[in-house]
Number of protein chains: 2
Amino acid sequence: MKPSTLNIASPLCPVPLRDYPQVILAHGGGGKLSAELIEHIFAPAFANEHVTLLSDSTPLCLPSQRIAVSTDSFVVQPLFFPGGSIGDLAVNGTVNDLAMSGARPMYLTAGFILEEGFEMEQLIRIAKDMGRAARDAGVAIIAGDTKVVERGHGDGCYINTSGIGVLPAERKIAVDQAKPGDAVILSGSVGDHGVAIMSVREGLDFESPILSDCASLADLVQKMLDTSTNIRAMRDPTRGGVAMSLNEIAAASRCGIELDDECIPIKEPVRSACEFLGLDPLLVANEGKLIAIVAKSDADQVLNTMRAHPLGCDAAIVGHVVEDDNQLVVSRTAVGTKRIVSIPVGEQLPRIC
Amino acid sequence: MKPSTLNIASPLCPVPLRDYPQVILAHGGGGKLSAELIEHIFAPAFANEHVTLLSDSTPLCLPSQRIAVSTDSFVVQPLFFPGGSIGDLAVNGTVNDLAMSGARPMYLTAGFILEEGFEMEQLIRIAKDMGRAARDAGVAIIAGDTKVVERGHGDGCYINTSGIGVLPAERKIAVDQAKPGDAVILSGSVGDHGVAIMSVREGLDFESPILSDCASLADLVQKMLDTSTNIRAMRDPTRGGVAMSLNEIAAASRCGIELDDECIPIKEPVRSACEFLGLDPLLVANEGKLIAIVAKSDADQVLNTMRAHPLGCDAAIVGHVVEDDNQLVVSRTAVGTKRIVSIPVGEQLPRIC
């Protein structure tokens with residue numbers, strides 16, 4: 001990296017870290033260099049009233065005693081991809097997990113495991129992405145930790161985020177709450193994130209670029225909750241895709257789900273890419289989409305609310321919950337045949353998030 | 001690994017994971033195999049009323065709106081060492097960070113980054129260690145996540161734990177609260193953890209084995225808080241050791257600290273090992289010790305309480321806080337000379353926690 005590069009990042013890094021264009025082991029040692037990372041990179045990027053990143057723990061006062069807690073580690077490769085970075089993912093992934101329980105996401109922690117030799121410029125970009133994503137999602141990153149492992153023992157940068165959201169006392173949105181007759185609503189097109197990652201890894205060049213859908217769903221969910229008190233369950237279909245999320249809901253709620261294949265929104269370049277790569281779009285990870293199980297009575301109203309939101313403009317009712325002792329997820333194709341949408345054993349695409 | 005090995009672990013693993021004696025990429029894919037890890041390893045090991053590890057997030061009801069939050073990633077090598085494992089460390093490290101703010105630690109999350117090929121038997125041991133350490137510390141592991149990276153891109157097992165503790169409304173224990181005249185109390189001997197790790201890495205054989213001091217300080221802290229309302233600051237001297245913790249307190253509180261070298265408890269084998277390895281014991285990491293800054297009036301009372309506790313039986317007043325615009329930590333040696341105890345730039349021993 002050229003010494004001048006870090007000058008460009010000077011709003012984030014008032015004292016350029018020129019002496020260390022790359023991460024060294026001592027940056028994870030808890031000493032002076034660890035403190036410099038915090039002072040010059042993380043604190044400015046995450047700036048908020050709570051940030052006391054030099055303390056062992058951060059005191060907070062919550063607006064409620066009822067909370068939701070979530071944790072997620074991110075090991076995506078490559079770290080930067082069309083439509084986002086590991087920084088965006090690390091924030092939005094945990095924010096979305098909280099939002100799916102009906103919680104209002106409020107606070108995140110961030111734990112970094114860096115590889116010796118990781119470019120400082122990339123760390124600054126990632127920290128900036130996290131700060132921006134957190135502000136966009138309305139959450140504060142309030143505690144952090146950095147460890148550094150020897151060259152060859154990591155993969156540049158792994159990030160864990162854990163999150164706290166507040167839950168209204170009466171709210172019970174969970175995967176075991178689906179009931180026969182409920183509508184299955186999908187907030188938008190499937191497969192964008194997984195195909196965006198895959199296209200970079202495989203060096204594929206599509207006519208129109210495929211971007212990750214990585215985004216915070218917290219605001220969309222809030223508007224849905226304001227519209228209806230009959231949202232039974234929500235899931236963001238990340239690893240394992242829509243297939244995994246629907247199978248989990250079916251199994252937990254002891255019912256079946258019938259999908260209408262033609263109603264599932266999918267962008268044409270994503271469909272083509274999936275055919276080319278031999279992927280089932282229903283198994284591909286998404287990072288800015290949700291599935292909502294909504295009482296039939298409220299389904300149209302919730303759908304309209306979703307369509308009025310930038311992240312839900314392609315929302316569609318894609319199926320419904322049925323009685324089924326076998327708890328199967330079944331998709332009806334255009335020609336009227338049915339196929340079972342089964343759970344993936346592992347994942348089609350490793351390290352997608 | 002012999003197929004029979006996992007049978008031995010059968011209370012933890014009712015359906016032996018014989019087919020997978022090692023972790024494969026699909027265990028991190030969010031599909032069936034991820035669910036099996038949870039069902040057969042993590043859920044039984046972490047068993048508690050809250051554990052709903054298949055959900056995106058876990059709902060909780062806290063006894064207070066005032067909380068402390070902490071996060072820490074663990075990359076220690078080797079994963080198993082005299083006196084503990086990465087599992088014990090991952091629980092106790094975050095529990096102790098919460099306790100140092102005067103919080104009562106309650107809940108932990110656990111995020112695993114595993115390397116393809118990691119022995120399943122080792123993962124089971126680590127999960128069991130975490131479960132036992134959590135029960136000992138009085139905390140529940142309530143959410144988890146597992147990612148798997150390709151062979152050669154990790155180092156067996158990295159763990160992030162994030163924690164939530166509850167804080168009484170009136171409690172204000174923080175590194176900036178030290179005042180001239182306060183006593184500096186150390187809960188026991190220094191350097192045990194760092195030297196235990198180092199002795200394994202270097203293949204050193206001491207006459208008496210040196211064990212890590214890894215332990216939860218939550219109970220000791222609770223008893224100290226019951227004894228005195230004049231505990232100003234606490235720190236567990238992990239990375240960077242006692243030197244780092246005291247310098248942080250001095251800087252944050254804008255005062256100096258004078259230590260009496262002879263009063264600092266250190267076990268003879270640890271002292272010898274430090275001399276042999278060229279380490280300063282004040283810079284070596286501890287994982288079950290604390291430094292408390294206590295008003296002079298209450299120091300003897302707090303010391304007596306600590307000495308009555310198994311984790312504080314070697315506690316000693318090792319110095320006191322002084323006025324000093326330069327915010328130096330100074331140690332007085334046996335022969336009356338003084339030396340400045342400065343902050344380490346990085347760390348003497350990488351990957352100690």
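The values are calculated or read from the model by the stated rules, or taken from the named source; none is laboratory data. Every value quoted in this text rests on a predicted model; they were computed, and no experiment measured them. So basically every Cβ, Gly included, is an ideal-geometry build from the backbone, and we count neighbours across all protein chains shown. Surface accessibility is based on the protein's heavy atoms, side chains included, excluding ligands, DNA and RNA. Shrake-Rupley method; radii C 1.70, N 1.55, O 1.52, S 1.80 Å.
Quick look at the values:
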| item | result |
| --- | --- |
| Rg to Rh, two decimals, where the stretch B:182-340 supplies the alpha carbon set and Rh follows Kirkwood | 0.97 |
| Computed over the stretch A:22-167: relative contact order in percent, which uses C-alpha pairs under 8 Å that are six or more apart | 40 |
| Acute angle (nearest 10 degrees) that the helix A:218-227 long axis makes with the longest principal axis of chain A, alpha-carbon atoms | 40 |
| Expected-Rg normalisation [2.2 N^0.38 Å, Cα atoms] applied to the protein assembly as shown | 0.97 |
| Three semi-axes of the equivalent ellipsoid, the stretch A:116-255, Cα gyration tensor, whole Å, largest first | 33, 22, 16 |
| Shape call, the stretch A:200-254: gyration tensor on alpha carbons, a/c limit 1.5 | oblate |
| Test item: B:192-199 mean partner chain Cβ contacts at 10 Å | 0 |
| Folded to 0 to 90 degrees: helix A:192-201 orientation relative to chain A principal axis, Cα | 50 |
| Rg/Rg_globular for chain A, with Rg_globular taken as 2.2 N^0.38 Å and Rg from C-alpha atoms | 1.04 |
| At 7 Å out from Cα toward Cβ: A:Leu204 inter-copy label distances (nm, ascending) | 5.5 |
| Degrees between helix B:120-137 axis and first principal axis of chain B (Cα, 0 to 90, nearest 10) | 50 |
| Positive-end extreme of charge dipole, the stretch A:182-340 - chosen from A:Cys263, A:Met224, A:Gly191 (charges on Cβ) | A:Met224 |
| Modelled FRET efficiency - R0 25 Å, A:Val200 with A:Tyr20, Cβ distances, 0.05 increments | 0.35 |
| Karplus-derived 3J(HN,Hα), 6.51/-1.76/1.60, for each residue of the stretch A:235-248, Hz, glycine and proline x | 8, 9, x, 8, 3, x, x, 4, 4, 5, 4, 5, 5, 5 |
| Fully extended contour minus Cα-Cα distance, from A:Gln222 to A:Glu170, at 0.36 nm per residue | 17.2 nm |
| Residues in the stretch A:211-259 occluded by at least 50 Å² - accessible area, probe radius 1.4 Å, against chain by itself | A:Arg235, A:Arg239 |
| Helical mean residue ellipticity (222 nm; -39500 (n - 2.57) per DSSP H run of 4+; nearest 500) of chain A | -8500 deg cm²/dmol |
| For chain A, built as a Gaussian network whose Cα springs stay under 10 Å, the top-fluctuating residue of A:Val335, A:Val221, A:Val95 | A:Val335 |
| Protein heavy-atom accessible area occluded, B/A pair - total, 1.4 Å probe, Å² | 5400 |
| Residue range of chain B that is longest and free of GluC sites (Glu not before Pro) which are both DSSP loop and sparsely packed (at most 15 other C-beta within 10 Å) | B:208-322 |
| Surface share of carbon and sulfur [accessible, 1.4 angstrom probe, percent] for the protein assembly as shown | 50 |
